[in-house]
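The values are calculated or read from the model by the stated rules, or taken from the named source; none is laboratory data. Quantities reported herein were computed from a predicted structural model and do not represent experimental measurements. Virtual Cβ from ideal backbone geometry, glycine too; neighbours counted across all protein chains shown.
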Amino acid sequence: MPLMSTKVMFEKAMEGGYAIGAFNVNNMEIIQGIVEAAMEERAPLILQVSKGARKYANATYLRKMVEAAVEVSGLPIALHLDHGDSFELCKDCIDGGFSSVMIDGSALPYEENVALTKKVVEYAHAHNPYITVEGELGTLAGVEDEVSHEVSSYTRPEDVIDFVTRTGVDSLAIAIGTSHGAYKFKPEQCTRNEKGILVPPPLRFDILEAVSAKLPGFPIVLHGSSSVPQEFVQIINANGGKMPDAVGIPEDQLRKAAAMSVCKINIDSDLRLGCTAGIRKHFAEHPDHFDPRQYLSDARDNIKSVVKHKLVDVLGCAGKADEILEAYAKASK
Ligand SMILES: [Zn+2]
């Protein structure tokens, strides 16, 4: 089975009121943890690779491992470039077998974003009409690999029809208050609950609704949508870590977005936190261990458990692999 196009995934997700999880992959254990979770839940997956991941692990290693994941799991899995920042990078991924790319021109002036995105879409669709391209309007604050912005700007709903029509993109990432990284909000932007844990400002569902009204049935993407599980933050801090006031997006808000027109939700920091919590705890309990298989197993187990929880309780895509495989088989006849 080839790598899956996100086109069929998004059609089904839109119909069914769920979202596909897009998880960032950087090494074998991360891929295995995600895929084991999805196999147990019969869930579709988008595995995404950033520029930083390509630099760390080499794009060929990552692609081959994702192909191995397809072979081992039999699940519908898309391989997506996260935050492509140039035509050349997107072209390289398309030529190299990715089934989906993002061109992020969101930091450019509007007309330049349109021109760059259109160029990538034209190349991708000429290469293979099933290769999907994600564009972005509006900017997210926070830090993720090489993508970093001090301030955010919400997507302007009045721009979306023009952008989608002129570029031909297959999906659109919008800014409604999500943010990259494990420190999504400064404490002064938040309130604190009774346990002293930061509660971030709510997502701007009014913007999501306005965008969806302008683009009915069009797949919307949310970046920066980790929830920063406090149990992982506590394990990290209890075992030598120092991550005060790490804060994410409440999961009930993401569930609500997934039931609307949001078809792809990007999650990276929560996997990093699970990985780090597993390793820190392992070393605290077993100071004599030095075999990477020992502590990386704990990291992988945590990644698997956090992904299972996301598939079932946040994205709503557990059990949806087979309807996507059927739809894909029908579409490619
Ligand atoms: Zn992102």
| Test: residue 207 is within 19 Å of the chain's Cα centre (by Cα), within 22 Å of residue 135 (Cβ to Cβ) and among the hydrophobic types (A, V, I, L, M, F, W, C) | no
| field | Search result, residues across region 248-294 that are crowded, with 23+ Cβ neighbours inside 10 Å and either more than 16 Å from the ligand (Cβ to nearest atom) or in a loop (DSSP other than H, G, I, E, B) (or both) | value | 248, 249, 258, 261, 268, 273, 274, 275, 277, 278
| Tabulated pairs, region 220-234, first within 15 Å of residue 185 (Cα to Cα) and of a type outside the set (Lys, Arg), second within 16 Å of the ligand (Cβ to nearest atom) and assigned to a helix (DSSP H, G or I), C-beta under 6 angstrom, 6+ apart or interchain | 225/254; 226/269; 226/270
| said: Just checking: which of the helices (runs of 4 or more DSSP H) contained wholly in region 101-219 hold 1 or more residues that are within 16 Å of the ligand (Cβ to nearest atom) and closer than 29 Å to residue 47 by Cβ? | reply: 110-127
| request: Could you grab me the full set of residues in region 23-69 that are free of Cβ contacts under 8 Å to residues at least 40 places away in the same chain and of a type outside the set (A, V, I, L, M)? | output: 26, 27, 54, 55, 56, 58, 60, 61, 63, 64
| Among all residue pairs at least 6 apart or on different chains, which show Cβ distances below 6 Å where the first residue, located in region 94-117, is over 16 Å from residue 50 (Cα atoms) and the second is polar (S, T, N, Q) and more than 16 Å from the ligand (Cβ to nearest atom)? | 114/167; 117/167
| message | So, in region 38-61, how many residues would count as being in a helix (DSSP H, G or I) and either more than 16 Å from the chain's Cα centre (by Cα) or of a type in the set (D, E, K, R) (or both)? | response | 11
| Taking interchain pairs and intrachain pairs at least six residues apart, which have beta carbon atoms under 7 angstrom, with the first residue in region 316-333 and free of Cβ contacts under 8 Å to residues at least 24 places away in the same chain and closer than 15 Å to residue 130 by Cβ and the second of a type in the set (Ser, Thr, Tyr) and assigned to a helix (DSSP H, G or I)? | none
| query | residue 72 is checked against (1) farther than 21 Å from residue 220 by Cβ; (2) among the hydrophobic types (A, V, I, L, M, F, W, C); (3) surrounded by 24 or more Cβ atoms within 10 Å (Cβ to Cβ); (4) without any contact (Cβ under 8 Å) to a residue 60 or more places away in the chain and fails just one. What number does that condition carry? | reply | (3)
| Going through region 229-247 one residue at a time, which ones are part of a loop (DSSP other than H, G, I, E, B), at pLDDT below 95 and not small (Gly, Ala, Ser)? | 229, 243, 244, 245
